[in-house]
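Computed from the coordinates by the stated procedures, all read-outs in this text should not be read as laboratory data. Please read these numbers as outputs of a predicted model, since none were measured by experiment. Note that each Cβ is placed from the backbone with ideal geometry, even for glycine, and that neighbours are counted across all protein chains shown.
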Amino acid sequence: MYDKLDKAGYYINKAYSIIGAIFLSIIIVSCSVQTFTRYVLNDSQVWTEETARYAFVWTIMLGATVVTRNWSHASLDFVVKKFSIPVQRVFEALTYLLVMACGVVMVIYGVQLVVKVWGSVSTACHYPISLVYLSIPVSGIAIAYHSFVHFLGVWFKKEKGAEN
């Protein structure tokens, strides 16, 4: 079961990485257009800043899921490393459960926020604001999923974690 979930997590991560790269490209193009039109044409475009800002939000939120899958967060584990391997595994499992709970909270409150702002549009470009806030539950789902798979890896002793 763990292996199938981990493989599915790989494909979810791949999709989120590609979508995140697309949003990053949108940021680069939008900022480049803004710079060109402002300094070369002396006529800045109103859509570029808002587009870059909302693409940035999606890039960060999708990037958080990739970091969760790869478990490449910054961590201060010098205290935990002083304990025995079994105790380290308990701390590791609790960490995964805590991150999973955060992902679930992101989904629950993110959906509520999307519903609350449904119908609102952005000022300059009239983008639906709900699409921006949709990044919260979308990333929360993947964060909870990846954390759950990591937890199962510790539970079934398939993750290296504490032995490193």
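Points to keep in mind about this one:
- MET1-TYR127 FRET efficiency (beta carbon distance; Förster radius 25 Å; 0.05 resolution): 0.05
- When each of the peptides 12-25, 87-100 is scored by how many other beta carbons lie within 10 Å of its residues on average, the order from highest to lowest is 87-100, 12-25.
- In a DSSP loop and with at most 13 other Cβ atoms within 10 Å, the trypsin sites (Lys or Arg not before Pro) in the stretch 95-164 are LYS157, LYS160.
- Test item: Cα-centred dipole of the chain, Lys/Arg +1 and Asp/Glu -1 on Cβ, debye: 420 debye
- For the stretch 41-66 and the stretch 94-164, distance of Cα centres in Å: 20 Å
- Neighbourhood net charge (14 Å Cβ-Cβ; Lys/Arg +1, Asp/Glu -1) for TYR133: +2
- Each label was represented as a point 7 Å from its Cα along the Cα-to-Cβ direction; for LEU41 and ALA101 these points are 5.2 nm apart.
- Count of lysine pairs in the chain with Cα separation under 27 Å (8 or more residues apart, or interchain): 16
- CYS31/TYR10 FRET efficiency (R0 25 Å; Cβ-Cβ; nearest 0.05): 0.20
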